[in-house]
Amino acid sequence: MEENGPMTSSILILGGTAEARSLADALTDCGTRVLSSLAGRVQNPVLPAGEVRVGGFGGVDGLARWLVKNRPAAVVDATHPFAANISANAVAACARTRVPLLRLERPGWSEHTLADTWRWVDDMEQVCQAMESLGTRPLITTGRQGLDHYGHWRERWALVRVVDPPENPPAAWEILCRRGPFDLDTERRLMREHDIDVLTTKDSGGSLTEPKLRAAHDLGVPVIIVRRPTPPEVDVVNTVDAATRWVLERA
Ligand code: NAP
């Protein structure tokens with residue numbers, strides 16, 4: 001892995017997702033040079049094909065400077081739907097430097113067949129409020145970064161599943177460091193073994209983390225789900241194939 005090294009590739013992928021890795025694979029297979037950018041949040045990230053850089057760019061100005069210096073043919077923002085800051089920065093920096101930008105975003109779960117059975121909320125504060133009336137033994141799967149927002153739930157038992165251990169986890173919490181995907185049987189077993197009676201998650205979308213939603217439904221466990229932030233104003237595709245075609249037209 002390269003630390004902020006010079007770009008010798010023609011496409012910049014803002015990554016950190018399975019889709020970003022699949023896109024890097026697909027483009028590399030087509031002979032296109034790619035540089036994937038990771039924020040550096042995960043200790044042992046699964047690395048994509050091609051070159052990789054790690055760490056922030058330094059806001060919009062930093063990213064714009066980086067684009068001017070390295071001049072990629074295009075940028076694909078394939079970051080997580082909840083990574084709203086880097087997506088907004090990409091829109092502003094690409095507009096300023098006139099580098100074509102595409103957003104690759106997996107479809108959300110708002111059209112899921114079970115979507116009407118879930119409690120949809122706007123932010124972590126509302127997650128905590130909803131938990132009050134729905135359960136006492138939560139499985140928390142909203143990610144490591146939002147854990148500070150659990151307020152007084154930090155003093156009560158919860159099973160918290162994360163990829164990397166959180167900093168200063170509350171003593172009352174049971175932390176499970178696991179990297180998905182998890183299948184339906186695994187999810188059902190986990191919820192049964194821990195007597196889970198409420199699940200918190202966010203609308204990450206896609207199929208890789210979806211079995212927990214089915215498992216919760218099977219076991220009658222209510223689901224609290226955080227809506228996605230406002231999407232960036234940019235052309236969006238939902239599949240790696242569509243993003244690959246878009247890139248091949250430009251690279
Ligand atoms: P964020 O809030 O949108 O970004 C915060 C800052 O981190 C950005 O301003 C940028 O720093 C840096 N950054 C984020 N993604 C980057 C990337 N791919 N390459 C270089 N710098 C990046 O993002 P986040 O929610 O912390 O997520 C960080 C990364 O984890 C993203 O790449 C995302 O795809 C991945 N991820 C996030 C979630 C989630 O739930 N948020 C889940 C799974 C994976 P500068 O301003 O200094 O450039």
(request) Go through W66, A20, M131 and say which Cα lies farthest out towards the positive end of the charge dipole of the chain; charges sit on Cβ, +1 for Lys and Arg, -1 for Asp and Glu. (result) W66
(request) Using the charge dipole of segment 115-226 (Lys, Arg: +1 at Cβ; Asp, Glu: -1 at Cβ; taken about the Cα centre), state which of Y150, V221, L208 has its Cα farthest towards the positive end. (result) L208
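Take the Cα radius of gyration of the chain and divide it by 2.2 N^0.38 Å, with N its residue count; two decimals is plenty.
1.07
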(request) Find out how many positive minus negative residues lie around L63, taking Lys and Arg as positive, Asp and Glu as negative, among other residues whose Cβ is under 14 Å from that of L63. (result) +4
(request) Take the Cα coordinates of segment 1-123, assign each an equal point scatterer, and use the Debye formula without solvent to give log10 I(q)/I(0) at q = 0.18, 0.20 Å⁻¹. (result) -0.92, -1.09
(message) With a cap of 14 neighbouring Cβ atoms within 10 Å, and only residues DSSP puts in a loop, list the trypsin sites (Lys or Arg not before Pro) found in segment 101-175.
(response) R156
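Where Rh is the Kirkwood radius over the Cα pairs of segment 115-226, the temperature 10 °C and the viscosity 1.306 mPa s, what D in µm²/s does Stokes-Einstein return? The partial results should precede the final answer.
Values: Rh = 13.9 Å.
Approximately 114 µm²/s, per Stokes-Einstein.
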(request) Express in whole angstrom the spacing between the alpha-carbon centres of segment 177-195 and segment 24-98. (result) 32 Å
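Only Lys, Arg, Asp and Glu count, each charged at its Cβ (+1, +1, -1, -1), so figure out the dipole size of the chain about its Cα centre, rounded to 20 debye.
Details: 29 positive and 33 negative charges, 119 e Å.
With only Lys, Arg, Asp and Glu charged at Cβ, the dipole is about 560 debye.
So what is the calculated 222 nm ellipticity per residue for the chain, using -39500 (n - 2.57) for each DSSP H run with n of 4 or more, over all residues, to the nearest 500 deg cm²/dmol? Working shown, then result.
Details: 7 runs with 79 residues, N = 251.
Taken over the chain, the calculation gives -9500 deg cm²/dmol.
Since every read-out is calculated from the coordinates, none of them should be taken as a lab result. Given the structure is predicted, the values throughout are model-derived calculations rather than measurements. Every residue, glycine among them, receives a Cβ derived from its backbone with ideal geometry; neighbour counts consider all protein chains shown.
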